[in-house]
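First the structure, in the form of structure tokens, and then the observations on it.
The values are calculated or read from the model by the stated rules, or taken from the named source; none is laboratory data. Since the structure is predicted, the reported quantities are computational estimates derived from the model, not experimental observations. With ideal geometry, Cβ positions are generated from the backbone for all residues, glycine too; neighbour counts draw on all protein chains shown.
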Amino acid sequence: MDISCVPIRIFRTEGFRVAAIFVAIFALSAAIMAIVTLAVVDQELRDQIVQFANADIGAIKDGYRTEGMGEAREVIHQRMAAPGASDFFLLQQGATEKVAGNLAPMPPKTGILTLPYPGDTAGRTILGVGAFVAPNLYAFSGSDLRTAQMARQRILRTLIWIFAGALALALLGGMIVSRSFLRRADEIATTCRAIMAGNLASRISVRGTEDELDRLSETINAMLDRIAALMTDLKQITNDIAHDMRTPVTHLRHRLERARDQSSSVEDYDHALETAIAASDDILALFNALLRIAQIEGGARRAAFTQLDLSGLLAQLGDVFEPVAEDARHYLSLSLSGPITISGDRELLTQAFSNLIENAIIHTPAGTIVTVSLQRRDDEIVATVSDDGLGVPPDEHQKLFQRFYRLEASRTRPGYGLGLALVAAIAELHGASVAVDPQAGRGFAISLRFPISPGAS
Amino acid sequence: MKILLIEDDPEIADHICHALRAHGHDVEEARNGPDGLSSARSGQHTALIVDRMLPGLDGLSLVRQLRAEGCQTPVLFLTTMSGIDDRVAGLNVGGDDYLAKPFALAELVARIHAITRRGEAGPPVTLRADGLEMDLIRRTVHRDSKLVDLQPQEFRLLEYMLRNVGRVVTRSMLLENVWDLHFDPRTNIVETHMSRLRAKMDRGYGHELIHTIRGNGYILRAD
């Protein structure tokens, strides 16, 4: 991973984008909270000042009413000296005569007032309450708003610090999240590059967190497994073709060599040429069989499907092969129910079942009974070709359907081991499954199971 | 017979010409689609042999064009593809038979003979050869007036032999036309059925009608 480009790339990641959105939402809500808090605190402080002032005015009024001017003055002096009480007092007779207090006389306004700070200064103000204690006696009590303003500023400063800290944490979190996201994305990219470079066994590590990246990694790994399997298949087929072609071509060459070296008459040459032609036909037949399998696996034949009676098709094959089986001293028996219609390719199905019947005749000893049966079950149509011959070892069952696979016992017989591969390809084209039926005791059976399609009768 | 061969591969064309001329046929050649089409339009040929892949105009289009113009000359398609769909496509545009390369020249000759026979008169009700008589309506066969009891498959096999009397029919022609099998079987289907048929209608009648042509097929010879 190229570290130098990470900071730039981080901003482009989805993880960072999500983090940034969260930070923005957080900042907005924090700002709203700060504004509301400040307003509430401000109002609270103002209310408190006004409350103190009202209490002062009340006390001055009480003092004046009960004991006269002297007492009112006394109350003001006491309150001015007390800590935690209001800061400014004024008791004023008429429009201009100050009786007590620490403010200059002023025009007697009643209610909640805001006054400029005496002698100044830079916008400081006094908040207080003015009232008439008696018809000609005006009183004012108030406090410096600066205390409230300072409190507000302290709170604002604290909020800004909290805000900045949270913002930094959120950013850091976003970076960490997107860094880890990036690292994993890079891991995937690195693995893919390794695979491109030829290391097909390479896989993306899965953390087991089952998050989106894990699922993506698993999907990519599954895809790679599938591709690897196909590649192995292909490699296997190529090897098989190369290997299996060598044998017949070598035979052909040997025959021609022998004909050149040992033939002494026209008949000898004729015979040699005929066997050489037959051998080359075999090689071409092998190619044709491979091409046919490839073509069927390509699936193009599905366009040629028609509704056909599988039971009738098997009955016809029975008629074709019954004498063949008899000549080979086998018995061919059919167990078919009434017409069973499926959608399929008559030519290919004929070839598939011919293959199975011929296998059963060719690979079993004389006296074997070969049975072709067709049954309709609940959700499938089962066509089986079975025999009571020597059977096939169970561990070979799966391999039977591979191209070029030949049982040890049949290697000396002609053939290239493509028959069942072709059957498998034809079955797959028809959506049918093909498998060796487990046999109790003797014999061998292969079944094609066609799912019952809607519209089949 | 005058046969038009439309084939672009000179070596294959040479082989085919050689074989057909050896059978006494007159062969005209064309190396590409357009030339082949204009030659075929003269209408003077008994049969056409048309390669599927031709420069200028492919074989399928060529035959489709000829048929659209009303030309009924029998056509045998040749192809290098072993494609299973190709045969159907060839027959659909109006081809009469289809042969995949590589093929034995004897197979080609036999098939040319078979397709040129078609269209001679309408479908007969009775097929005859020497003392052999096949009634296609009653589905009966008599040899020297004696009834021969045949299975349906044997009947079809004999019918095909009778329809091609005097001509070689190959194993694959029989597989395709009698049993509708379009692949090379690994068991001797043809030999088995043929030997049963011959046992029933050919043994013990003085002289045999059906003869084996070694390496090629069979022929039903009538004097």
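Filter the range B:9-43 for residues that are closer than 19 Å to B:Val109 by Cα and in a loop (DSSP other than H, G, I, E, B) and give the result.
B:Asp9, B:His23, B:Gly24, B:His25
Among the residues of the range B:184-207, are any at pLDDT below 90, buried (at least 18 other Cβ atoms within 10 Å of the Cβ) and of a type in the set (D, E, K, R)?
Checked the range B:184-207: at least one residue is at pLDDT below 90, buried (at least 18 other Cβ atoms within 10 Å of the Cβ) and of a type in the set (D, E, K, R).
Give just the number: which of (1) touching a strand residue (DSSP E or B) at 6+ places or on another chain (Cβ under 9 Å); (2) at pLDDT 90 or above; (3) within 12 Å of chain B (Cβ to nearest Cβ); (4) closer than 22 Å to A:Phe305 by Cβ does A:Ser354 not satisfy?
Failed condition: (1).
With the structure loaded, tell me whether B:Ala104 is facing another protein chain (nearest Cβ under 10 Å), within 30 Å of B:Glu7 (Cβ to Cβ) and in contact (Cβ under 8 Å) with a residue 60 or more places away in the chain or whether it fails that test.
For B:Ala104, the condition - facing another protein chain (nearest Cβ under 10 Å), within 30 Å of B:Glu7 (Cβ to Cβ) and in contact (Cβ under 8 Å) with a residue 60 or more places away in the chain - is met.
Testing A:Ala34 on (1) farther than 23 Å from A:Met150 by Cβ; (2) touching a residue at least 12 places away in the same chain (Cβ under 8 Å), one condition comes back false. Which one is that?
Looking at each condition in turn, A:Ala34 falls short on (1).
Going by the conditions given, is B:Met173 in a helix (DSSP H, G or I), more than 14 Å from chain A (Cβ to nearest Cβ), within 30 Å of A:Leu273 (Cα to Cα) and not acidic (Asp, Glu)?
Taking the combined requirement at face value, the residue satisfies it.
Give the number of residues within the range B:26-72 that are on the phi < 0 side of the Ramachandran plot and free of Cβ contacts under 8 Å to residues at least 40 places away in the same chain.
Total meeting the criteria: 30.
Taking the stated definitions as given, is A:Asp233 among the charged types (D, E, K, R) and at pLDDT 80 or above?
So A:Asp233 fails the test.
Examine the range B:48-71 for a residue that is within 14 Å of chain A (Cβ to nearest Cβ) and surrounded by fewer than 22 Cβ atoms within 10 Å (Cβ to Cβ), and state whether such a residue exists.
No - not one qualifying residue is present in the range B:48-71.
Looking only at the range B:177-201, filter to residues that are at the interface with chain A (Cβ under 7 Å from one of its Cβ atoms) and among the β-branched types (Val, Ile, Thr); which one of those is nearest to A:Asp281 (Cα to Cα)?
B:Thr187
Which one of these does A:Arg203 not meet: (1) among the basic types (Lys, Arg); (2) over 30 Å from A:Gly58 (Cβ atoms); (3) in contact with a helix residue (DSSP H, G or I) (Cβ under 8 Å, 6 or more places away or on another chain); (4) part of a helix (DSSP H, G or I)?
For A:Arg203, the exception is condition (4).
Do any strands (runs of 3 or more DSSP E) lying entirely in the range A:47-158 carry at least 1 residues that are touching a Pro at 6+ places or on another chain (Cβ under 9 Å), and which ones are they?
A:88-93, A:97-101, A:125-134, A:137-144
Tell me whether the range A:74-87 contains one or more residues that are touching a residue at least 12 places away in the same chain (Cβ under 8 Å), within 16 Å of A:Arg146 (Cβ to Cβ) and not aliphatic (A, V, I, L, M).
Checking the range A:74-87: at least one residue is touching a residue at least 12 places away in the same chain (Cβ under 8 Å), within 16 Å of A:Arg146 (Cβ to Cβ) and not aliphatic (A, V, I, L, M).
Of the residues that sit in the range A:1-43 and are over 38 Å from the mean Cα position of the chain (by Cα) and either within 30 Å of A:Ala194 (Cβ to Cβ) or small (Gly, Ala, Ser) (or both), which one is modelled with the highest pLDDT?
Ranking the qualifying residues of the range A:1-43, first place goes to A:Ala39.
Looking at (1) within 13 Å of chain B (Cβ to nearest Cβ); (2) assigned to a helix (DSSP H, G or I); (3) in contact (Cβ under 8 Å) with a residue 12 or more places away in the chain; (4) farther than 28 Å from B:Leu105 by Cβ, which is the only condition A:Val370 fails?
(2)
Of (1) within 13 Å of another protein chain (Cβ to nearest Cβ); (2) in contact with a Gly (Cβ under 7 Å, 6 or more places away or on another chain), B:Gln151 satisfies all except one. Which?
B:Gln151 satisfies every listed condition except (2).
When residues of the range B:176-221 are filtered for being part of a loop (DSSP other than H, G, I, E, B) and of a type in the set (Ser, Thr, Tyr), how many remain?
Result for the range B:176-221: 2.
Going by the structure shown, is B:Tyr160 without any contact (Cβ under 8 Å) to a residue 40 or more places away in the chain, closer than 19 Å to B:Ile112 by Cα and either of a type in the set (Val, Ile, Thr) or more than 14 Å from every other protein chain (Cβ to nearest Cβ) (or both)?
In short, yes.
Which one of the conditions (1) free of Cβ contacts under 8 Å to residues at least 24 places away in the same chain; (2) surrounded by 11 or more Cβ atoms within 10 Å (Cβ to Cβ) does A:Ala229 fail to meet, given that it meets all the rest?
(2)
B:His142 versus (1) over 29 Å from A:Ala328 (Cα atoms); (2) in contact (Cβ under 8 Å) with a residue 12 or more places away in the chain: which is the lone unmet condition?
(2)
Can you tell me which residue within the range A:288-306, out of those that are among the polar types (S, T, N, Q) and free of Cβ contacts under 8 Å to residues at least 40 places away in the same chain, is nearest to A:Ile342 (Cα to Cα)?
The selected residue is A:Gln295.
Would you pick out the residues in the range B:140-163 that are within 17 Å of B:Trp179 (Cβ to Cβ) and of a type in the set (Lys, Arg)?
Those that are within 17 Å of B:Trp179 (Cβ to Cβ) and of a type in the set (Lys, Arg): B:Arg156, B:Arg163.
Given the criteria among the polar types (S, T, N, Q) and either within 14 Å of chain B (Cβ to nearest Cβ) or outside any helix (DSSP H, G or I) (or both), does A:Gln236 qualify?
The answer is no for A:Gln236.
For A:Gly389, which of the numbered conditions (1) without any contact (Cβ under 8 Å) to a residue 60 or more places away in the chain; (2) more than 14 Å from chain B (Cβ to nearest Cβ); (3) closer than 28 Å to A:Ala304 by Cβ; (4) in contact with a Gly (Cβ under 9 Å, 6 or more places away or on another chain) fails to hold?
Status for A:Gly389: all satisfied but (3).
Can you find even one residue in the range A:390-400 that is within 27 Å of B:Phe155 (Cβ to Cβ), touching a helix residue (DSSP H, G or I) at 6+ places or on another chain (Cβ under 8 Å) and crowded, with 16+ Cβ neighbours inside 10 Å?
Scanning the range A:390-400 turns up no residue that is within 27 Å of B:Phe155 (Cβ to Cβ), touching a helix residue (DSSP H, G or I) at 6+ places or on another chain (Cβ under 8 Å) and crowded, with 16+ Cβ neighbours inside 10 Å.
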